[in-house]
Structures are given as structure tokens and as C-alpha cells.
Amino acid sequence: MNEFKMSLFLAPISPVKDGGTGQIIKPATLKPYKTMTLQEVYRTITANTRLQLLTDRVRRAFDSGDLSAYRALKQELLPYVTPCGTFARRRSDSLLEASGLVVVDIDHLDSADEAARLRRQLFEDPFLRPELVFISPCGQGVKAFVPYTPDPALPDVRQNAAESIRWAMDYVQCVYADGNRNSPKGVDTSGKDLVRACFLSYDPGALIATRNNLSPENNLLQNQ
């Protein structure tokens, strides 16, 4: 069984600044906290009580309509992973090992119900065959970790991952967003970098393809 290893980074992803003075009160996290397997990511998403509390706080800001507060809280509070692999630092040139996964984000859905339906549709897609699918921090988006087979004609791991990211994004946009790139609903194409971050969010309904050895442990972020 492929464990699909990736790096976990603790919050914040960007420097936290004092609202009055603008001074940095907490720098961005640049080095990973630990390496995680896909199974550990799944357990964290579905069972970690600390992540549940953080997700609820971030989602309340989104539901209130204050998108600035939502974005700020998401960046300040939520841990994140680098699905494409493990890194020594949060930089593309610091790749230690490629995971064989790329991430696709589908944003700006109309409701939580639509996100739940799309989560199942993506999971059952016979071409994508994602290893993990879960609801985004806002509650109206979906994240899918999609596996790929390296192209022997592209021996560079970065080029392999980049081509796979492009294919997955184009496919999902075409099939699930009617190919309309001008619509707010669709694939987030802002991050095609190898070190692209993926925020973790609590989702007890997350779907994973590799279910071996999944125990209900709940301590991965408990003390953070």
C-alpha cells in the first residue's frame, strides 16, 4: 500500500500582524512540523477535536459573510499539508520526496449540500480515482488528492508533478464546472506550484480510497 507521504506545517501560513501597529507578532511557519502519511491526514481530518474547533471558528467567519476575516483566520489558525510530497522548507526547490499525489480545489459552490454531493462524485470518478476527498474550510468547496503515474518521458519529478496538476485541474474544470473558466464556481488554478499548500479542515464524512490500518487515533494535533 502506498502511504503517500507529505509534510505537515503548523499555522500560520502567513505572518500574523498587530492590527494597530502592523508589526509582526507571529512569523509564518517555514519548516514542516512532521511527515504525515495519507492515512494520518485522514485520521486528523475525521477525528481530531482540535481541528474541529479551529474549523468551526473559521467557518463561522465565512458564514457571517466577512470574507476578509475568514481568509485571515484560515491563514492564522489552520494547519496545512503539501500533498505533492515532503519538503525541508516551504519552497519548491526544497523537495525531499515526491508523493505521487496532486491536489485539486473546487471552490465557490452554492451550498454545503452541493459540496457533499461533489465530494462523492469526485471520489467515484473513474478517471481521477482520488485517494482522499474532503470538504474545504469554508464548507462550500472540495479538495481532492489525485494520484498520478510518473511519465518516463519526463524524468524530472517537478515536471511530472506539474503536468499531472495541469491535467487534473483541466479535467475537473471541464467535467464538473462546464469548462467555464470565467465562472466563480470551479477549480482554483492560482496554485500550480509543487509546494502548493492545502489547508486541513474537519470533515467526518471525508472519503479515502486506502482504508487499511485506519484506527480512531485522535492525537496528531492534540497539543498544538
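Every residue in the range 14-65 that is basic (Lys, Arg) and surrounded by 20 or more Cβ atoms within 10 Å (Cβ to Cβ), please. Outline the logic, then answer.
Step one: of the range 14-65, the residues basic (Lys, Arg) are 17, 26, 31, 34, 43, 50, 57, 59-60.
Those that are basic (Lys, Arg) and surrounded by 20 or more Cβ atoms within 10 Å (Cβ to Cβ): ARG43, ARG59.
Within the range 120-155, can you find the residues that are assigned to a helix (DSSP H, G or I) and crowded, with 22+ Cβ neighbours inside 10 Å?
Across the range 120-155, the qualifying residue is only LEU122.
Scan the strands (runs of 3 or more DSSP E) fully inside the range 61-118 and keep the ones with 1 or more residues being at positive phi and touching a residue at least 12 places away in the same chain (Cβ under 8 Å).
Because the criterion is at least 1 residues that are at positive phi and touching a residue at least 12 places away in the same chain (Cβ under 8 Å), the strands (runs of 3 or more DSSP E) in the range 61-118 that meet it are 85-87.
Here are some residues: GLU124, GLU97. Which one is of a type in the set (Asp, Glu) and at pLDDT 95 or above?
Among GLU124, GLU97, only GLU124 is of a type in the set (Asp, Glu) and at pLDDT 95 or above.
The values are calculated or read from the model by the stated rules, or taken from the named source; none is laboratory data. Model, not experiment: these values are computed from the prediction. Neighbour counts are summed over all protein chains in view; Cβ atoms, including those assigned to glycine, are modelled from backbone coordinates with ideal geometry.
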